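These notes concern the structure reproduced below.
The values are calculated or read from the model by the stated rules, or taken from the named source; none is laboratory data. Computed from a predicted structure; not experimentally measured. Neighbour counts run over all protein chains shown; Cβ positions are idealised from the backbone, glycine included.
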Amino acid sequence: MAQSTSASMKFLLLVLTILCGTLSLENIKLISCLGHLDHSHDHAGCLDIEREALLKFKQGVTDPSGRLSSWDRGEDCCKWRGITCNNTTGRVVEIKLSNPWPENALSGEINSSLLALKDLNYLELSMNDFGGAQIPDFIASLEKLWCLNLSGLSFGGAIPPSLGNLSRLKYLDLHDVFSLQSNESDLNWLPGLSSLEYLNLGGWDLGKAAENWLQPVNRLPSLLELHLSGCALSNLPQSLPFINFTSLLVLDLSNNGFGAKLPNWLFDLRRLTHLDLHSNYFQALPEAIANLDSLQKLDLSQNNIGGQLPRNLGKLCSLQSLVLSTNNFVGEITDFINSFSNCSNISLETLDLGYNGFTGNLPDSLGYFQSLKYLQLWKNSFQGSIPESIGNLSSIEELNLSYNQMSGDFPRSLGQLKTLRAVDMSENEWEGVITEDHLVNLSSLEEVKIFKNSPNISLFFDISSNWVPPFQLTYIEIRSCKLGPKFPPWLKNQSHLTDVILNNARISDAIPNWFWQLNLSLNKLDVAYNQISGRVPNSFRFNSHATVDLSSNRYEGPLPIWSSNVTMLYLRDNQFSGPIPPNIGELMPSLTDLDISSNSLSGRIPLSIGKHVDLTTLVISNNQLVGEIPHFWDNNPFLYIVDMSNNSLSGTIPRSMGSLMFIEFLILSKNNLSGELPSLRNCTRLFSLDLGDNQLSGNLPTWIGESMASLMILRLRSNFFSGDIPPQICGLSNLHILDLSHNSLSGHIPLCIGNLSGLKSRLTEKDTVTYQGRLQIVAKGRVLEYDSTLYLVNSLDLSDNNLSGEIPLELTSLIQLGTLNLSMNHLTGTIPFKIGNFEWLETLDLSMNNLSGPIPQTMSSLTFLNHLNLSYNNLSGKIPTTTQFQTLDDPSIYQGNTGLCGDPLPKECVGSDQKPDQSPAHDGDGNGGALEKLGLIIGVVVGFFVGFWGVCGTLIVKESWREAYFGFVDTVKNKVMVFFRTMFVKERAPWDY
């Protein structure tokens, strides 16, 4: 009987050995370290010395969740939680105290009393809080250990070299030992672990060992798995004198700093089944990759690999997962897909080619991959429609074609994918009609995203009102598609929904009662940009950190108030009325974003908003709010957007607003605010400060230019500010919009205005910050409102003040200006000759000043100019006749300048060939042009006399010619004097004003 039992045990061990040799990474890990059976029953009993050792260990441990409470009950330690004993001897052989939950972590120290456990071969304390000191030296004396897992413990210091004495150790997991620092000799202890099969040092800082880290690893002949992810390695040796770890099945070198090319020795590891090199800097995928014909999983994502996909990847017939996303691959994928046709049995389950530069159509041969479960082709440039063969992917669970340039109808074969669980078709140009046939067999569908990359709708849903879907959705996102006009009735039985996003879906009726009665518990509700009417009930339930967006509809009634779980609430652009609930701070304390703008809300701003301590966005503009701005801003330290514009708020701006250290957008325009500006010098992150259209007074504070280096928009128009423009304003080097118009500012325009370097450059959309709001700019002769295109605006408006002096020449260095308005001031002098530098200028208004002189000919180079107003100045001379001025043919833009002549004015210029002055010698010097002409005339006269004497000099010596000559000279002299008098009279007048 004993022999039979012994033979059975040997056979079982043989089977286990065979299984261990064939299992993948995860299975190896389980068998090597977690696969021991629990022998805590029917054992010989716990030894007293080991029980005492365990109790001493417990005394040094803090146990917040009582995981070790069973250690206080009973004498048999073999029955305690996490303890396993040998059936025969009763000795403790395993301690398993891994912690899955951070709040339940054991803390304290690992007591050396464990040395009494002579047969301990398995020690797992991962994800607890035994850190602080270095890994205890005594662990190296537990000589029977074959599994040691201390991962996630924040030890300091270095690895004890004595750890290399554990010659029986097969499994060592020390990943994410965050505080552990290494040195160049740290890995020299590794070769002593001659039996090691699994090694995980992920998260170590091996930067100092970067030159020689591979040599100690290469001396582990039994190694099956190596995990060195995120170890700050930058050097991957390109050659090895010999390869000793040829048994390697799993190699994870992801998230290091490796660059250039993959080493040749890598392709000699012919037994590799898993290769993970993601998040490095490799630039090429060699043909030799096909040598690794045992590969089941290959991850090269987030590298810099470019070019086309190697066709010989199709030789890797064992591949189950191929992840190449976030690289620089280009070209079509047809040849790559077809290369797998030589495989007798395609086992590929995951294909991720997302975020590359692939182009062309998806090939019909994509249908070959009937084993495919996850197909990720997002963020490429694929075109055309989805091939009909997509219906052959009978195992597909996730399909992601988002962010491409695909178009056309959806094939009906999509409806055959019974296993499809999640589909993302967003950001393409789909068209056509979706019917029940596209959805009828999708019984596993849980998540669906379909929307276009433009608001124009060309995709329609035509689904019967009594159709009952075979699926139960949890997530639905349909944007810029026509679902309406009715709220989709086929959602009536979808009781598992957690995210409902039906944005810009052409829904125009009220949300039906059956939807409110589904008793949903939502993470997100977004039905913005429809025409939904009616009132919103307060009965909805939301999960933690929920988002609600009902913007741009026709909802009416009081503001809806939901549970404290809602963090983002967007109700803008509706017809909500009545006051903001005074207890909104108590009812919805978790709010981080509140936008209730563009409604008909009245009353005062509730003081309870000050209780939203996590509030980052407060937008209550375009309502009918009254009263003063409350003084609660000290309680909202994280606010970065405050927009209260276009209400009827009065009083002063609270001084406590100066404590908003993270504020980026402060918009209080179009109210009745008065008084002087409080100090906002601590608001150093401001991008936009808009206080226009109020009744603010006092001087412009210097701290605006001294403290707000990030400011891009400064709008203080239509107030009562007085005094000079402080030169500190010139320090706002990022400014793109400066509007100080309609105030009582005096003095000169600062000469330093040329330091506004933001007006010398153009922004792109990616340069702008997330929120810009809406801003009104006076341009092209009218008030224009900008929102999403605000980044395109470069504007300087100082109109309707009491500014005097000349227009600074330095102003013309702001070459990217689109709008320049200096009208309605007392400016004198001439229009700067270099005004032609404004190559992007669209609007120029210099009207109602005291400017004199001619219109510079250089203005002809302002090819984008479409609005010009020079009226009511003292300009003179002929209006330029270039093509650009011919398009500006409204006489009113020149009226009030009595010295101007030429088209489009009725006043003709004297002399048909009269031209405007071309190039004054000194810009701003009124006599420069006249002096230059005088020099030209003198030169002509002198030339005339020199030529005359050269021709006629010899004749004059004759007496008979002398009398005639002097008579001729008198005549010429008289003519010249008349010409000079005429010229000076004509040229003097413009500068006499």
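Mind checking which strands (runs of 3 or more DSSP E) fall wholly inside the range 423-530 and carry at least 2 residues that are closer than 24 Å to Leu569 by Cα, in contact (Cβ under 8 Å) with a residue 60 or more places away in the chain and not polar (S, T, N, Q)?
Per the criteria, no element qualifies.
Of all residues in the range 647-663, which are part of a loop (DSSP other than H, G, I, E, B) and crowded, with 22+ Cβ neighbours inside 10 Å?
Asn647, Ile653, Leu660, Ile663
Tell me the residue from Ser347, Ser294, Ser341 that is part of a loop (DSSP other than H, G, I, E, B), among the hydroxyl-bearing types (Ser, Thr, Tyr) and closer than 24 Å to Asn400 by Cα, please.
Residue meeting the stated conditions: Ser347.
Modelled with pLDDT under 95, closer than 24 Å to Met848 by Cα and not assigned by TED's automatic domain parsing to the domain that holds Asn682: which single residue out of Ile725, Ile737, Ile749 fits that description?
Of the residues listed, the single one that is modelled with pLDDT under 95, closer than 24 Å to Met848 by Cα and not assigned by TED's automatic domain parsing to the domain that holds Asn682 is Ile737.
Going by the conditions given, is Ser126 surrounded by 15 or more Cβ atoms within 10 Å (Cβ to Cβ), touching a residue at least 40 places away in the same chain (Cβ under 8 Å), under 45 Å from the mean Cα position of the chain (by Cα) and not in a strand (DSSP E or B)?
yes
Look through Trp71, Trp80 and report the one residue that is of a type outside the set (Gly, Ala, Ser), touching a Lys or Arg at 6+ places or on another chain (Cβ under 6 Å) and either more than 14 Å from Leu153 (Cα to Cα) or surrounded by 16 or more Cβ atoms within 10 Å (Cβ to Cβ) (or both).
From the options Trp71, Trp80, the qualifying one is Trp71.
Is it the case that Asp38 is surrounded by fewer than 17 Cβ atoms within 10 Å (Cβ to Cβ), of a type in the set (Asp, Glu) and either within 56 Å of the chain's Cα centre (by Cα) or at pLDDT 90 or above (or both)?
In short, yes.
Right, His612: in contact with a Pro (Cβ under 8 Å, 6 or more places away or on another chain) and over 26 Å from Phe542 (Cβ atoms) or not?
no
In the range 808-849, which residue that is within 42 Å of the chain's Cα centre (by Cα) and small (Gly, Ala, Ser) is farthest from Asp724 (Cα to Cα)?
Ranking the qualifying residues of the range 808-849, first place goes to Gly836.
Within the range 375-397, track down each residue that is outside any loop (DSSP other than H, G, I, E, B) and either buried (at least 19 other Cβ atoms within 10 Å of the Cβ) or over 30 Å from the mean Cα position of the chain (by Cα) (or both).
Correct list: Leu375, Gln376, Glu388, Ser389, Ile390, Gly391, Asn392.
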